[in-house]
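Below: one structure, written as structure tokens.
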Amino acid sequence: MSARARIGVDTDRPTHQADGRPVVRILGTHGVPANYGGFETAAEKVGLHLLEAGWRVIVYCQVAGSGEITYDEWRGLERVNVPVNLPGWRGTSLFDLKCIMHSSQFADLCLVFGYNTGIFNTWQRFKRIPMVINMDGIEWSRARWGFFRQMILYINERFSAAVGNHLIADHPEIEKYLWSRAPKRKVTMIAYGADEVLEADEAPVRALGLEPGRYLTLICRPIPENSILELVQGFSSRPRDFKLVLLGKYDPATDDYHRQVVEAASDDVVFLGAIFDPEVVQPLRFHSAMYLHGHTVGGTNPSLVEALGAGNPVLAHDNMYNRWTAGTGQAYFTTAADVASALDAILGSPERLAKMSADARKRYHAGLSWQQIGEQYRLLLDRYLPAKVTKTETGRH
């Protein structure tokens with residue numbers, strides 16, 4: 001039987017394969033394989049875990065262009081390829097709407113990543129299709145969106161909290177926040193995961209002109225809320241026997257914040273640009289002497305969890321999100337001066353670096369592996385398969 005026949009419209013709105021396998025449809029990401037961001041990685045890893053556990057997993061994927069929806073498979077995950085020819089957030093919104101309309105032809109459980117189009121999800125609720133929604137961080141509060149986008153996100157957050165059968169928070173602080181949006185019984189905390197890296201080829205690192213163990217990494221979107229300027233200033237405040245490697249697209253000619261970062265950088269700061277190839281990024285992490293993490297908002301940040309999975313000692317911005325994720329064994333900063341003094345103390349002590357690396361792996365094993373995260377998703381989703389949904393769980397009376 002073709003993939004299209006398996007996924008295509010069925011007027012009986014089936015919820016299971018003929019062999020009784022549970023079915024989940026994953027919406028809200030750009031699709032699999034993951035090559036865009038954290039939600040895509042989560043969709044891929046959770047989807048593969050469910051597949052291995054005997055589920056049928058259908059992932060909606062955004063593709064460029066126009067025309068009909070097409071169907072194929074990737075590593076056993078069934079893909080619904082939805083073409084969209086609009087750029088940016090308008091294209092993403094159109095894609096989400098098309099996915100919702102397509103998935104609503106079935107009674108299958110939907111796992112939705114993000115609340116960007118919560119208003120559209122009311123259609124699924126109207127059709128009594130069970131939905132578990134990963135609510136991400138407090139996205140509407142980010143100043144970089146501007147007032148108009150913030151209001152759109154705020155409204156959609158409220159709709160998602162109301163229409164979702166169950167909400168996932170990726171951090172205890174996000175869980176507490178969601179309690180102001182929905183009953184506690186309707187919210188579950190499941191963190192973000194990462195793969196453990198126990199070894200990695202040195203060749204990709206040396207090809208970039210770097211010496212394994214003699215550089216620090218900073219991998220994030222180059223925006224003010226990620227404290228890049230403070231980290232670069234602190235590192236560059238004095239000569240060091242290490243390089244600082246920044247991944248991300250910096251354009252000092254058109255972006256004032258990027259210009260400030262570049263101007264603050266010493267000769268030991270290396271701008272590698274945007275690199276997404278895991279065959280390069282993973283060795284860069286593994287062979288890094290330390291990972292610098294400046295995120296000030298959000299929940300469990302993917303790049304921080306990935307650093308822990310690689311055994312990186314971490315210097316992170318001092319906030320409730322990072323402290324819970326990285327744990328007590330890592331170092332924290334608030335100002336550029338804090339960064340400078342912390343690096344002075346840590347980089348000069350191989351014993352402390354080794355202890356921080358061991359603590360990073362210990363924290364990772366305490367609940368941040370994809371095996372652990374995937375199983376938490378499976379146990380939660382199993383409660384909301386259509387045959388198991390109760391009036392109490394959905395809020396319908």
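Could you tell me the calculated FRET efficiency between Val63 and Thr328, based on Cβ-Cβ distance and R0 = 45 angstrom, to the nearest 0.05?
Calculated transfer efficiency: 0.50.
Please list the helices of the chain that count as membrane-span-like by this rule: a mean Kyte-Doolittle hydropathy of at least -1.0 together with Cα atoms stretching 18 Å or more along the helix axis, each helix being a complete DSSP H run.
Qualifying helices, which must be both long enough and hydrophobic enough, are 38-52, 88-103, 146-163.
Within a 10 angstrom radius of the beta carbon, how do Lys127, Lys45 rank from fewest other beta carbons to most?
Final ranking by Cβ density, sparse to dense: Lys127, Lys45.
In nm, to one decimal, how far is the Ala387 label point from the Arg206 one, both placed 7 Å along Cα→Cβ?
5.7 nm
First select every other residue whose beta carbon is under 13 angstrom from the beta carbon of Tyr321; then total the charges, Lys and Arg +1, Asp and Glu -1.
Net of charged neighbours comes to -4.
Below 8 Å between Cα atoms, with a sequence gap of 6+, how large is the relative contact order for region 203-367 in percent?
24 percent
Using a 10 Å cut-off on Cβ atoms, rank the peptides 334-343, 104-113 from the highest mean neighbour count down.
The most tightly packed comes first, giving 104-113, 334-343.
What are the aspartates and glutamates whose alpha-carbon lies under 19 Å from the alpha-carbon of Lys98, with same-chain residues fewer than 8 places away excluded?
Filter leaves Asp10, Glu40, Glu68, Asp72, Glu78, Asp108.
In what sequence do Val261, Val63 fall when counting other Cβ within 10 Å, fewest first?
Fewest-to-most Cβ neighbours within 10 Å comes out as Val63, Val261.
Considering the values [x] 20.9, 59; [y] 21.9, 69; [z] 18.8, 53, which represents Rg and Dmax of the Cα atoms in Å as calculated for the structure under consideration?
[y]
Could you tell me what percent of the DSSP beta bridges with both partners in the chain are antiparallel, to the nearest 5?
Around 10 percent of the beta bridges assigned by DSSP in the chain are antiparallel ones.
Please order Leu208, Leu27 by the number of other Cβ within 10 Å, starting at the fewest.
Starting with the residue having the fewest Cβ neighbours, the order is Leu208, Leu27.
Cα-Cα over 26 Å: which of Lys184/Lys355; Lys45/Lys362; Lys249/Lys362?
Lys184/Lys355; Lys249/Lys362
Rounded to the nearest 500, what is the chain's calculated 222 nm mean residue ellipticity when only DSSP H runs of at least 4 contribute -39500 (n - 2.57) each, over all residues?
Taken over the chain, the calculation gives -11500 deg cm²/dmol.
Quickly work out the Phe126-to-Trp179 label distance, labels modelled 7 Å from Cα along the C-beta direction, and quote it in nm with one decimal.
Placing both labels 7 Å along Cα→Cβ, they lie 3.4 nm apart.
Classify region 203-367 as rounded, prolate or oblate, taking a ≥ b ≥ c as the square roots of the eigenvalues of its Cα gyration tensor: rounded when a/c is under 1.5, otherwise prolate if a/b is larger than b/c and oblate if not.
In terms of gyration-tensor shape, rounded.
With contacts defined as alpha carbon pairs under 8 Å and 6 or more residues apart, what's the relative contact order of the chain in percent?
About 14 percent, as a whole number.
What's the ranking of 150-156, 308-314 by average number of surrounding C-beta atoms within 10 Å, highest first?
Per-residue Cβ counts within 10 Å, averaged per peptide and sorted highest first, yield 308-314, 150-156.
Using 0.36 nm per residue of separation minus the Cα-Cα distance, give me the extension gain between Val297 and Asp267 in nm, one decimal.
7.8 nm
What does the charge add up to near Met189, with Lys and Arg as +1, Asp and Glu as -1, over the other residues with Cβ less than 10 Å from its Cβ?
-2
Quote to one decimal, in nm, the extra length available between Gln105 and Ala274 on full extension: 0.36 nm per residue of separation minus the C-alpha distance between them.
Using 0.36 nm per residue and subtracting the Cα-Cα distance, I get 56.9 nm.
Bear in mind that the values in this text are calculations on the coordinates, not laboratory data. From a predicted model like this one, the values you see are computed outputs, not experimental measurements. We place every Cβ from the backbone using ideal geometry, glycine too, and count neighbours over all the protein chains shown.
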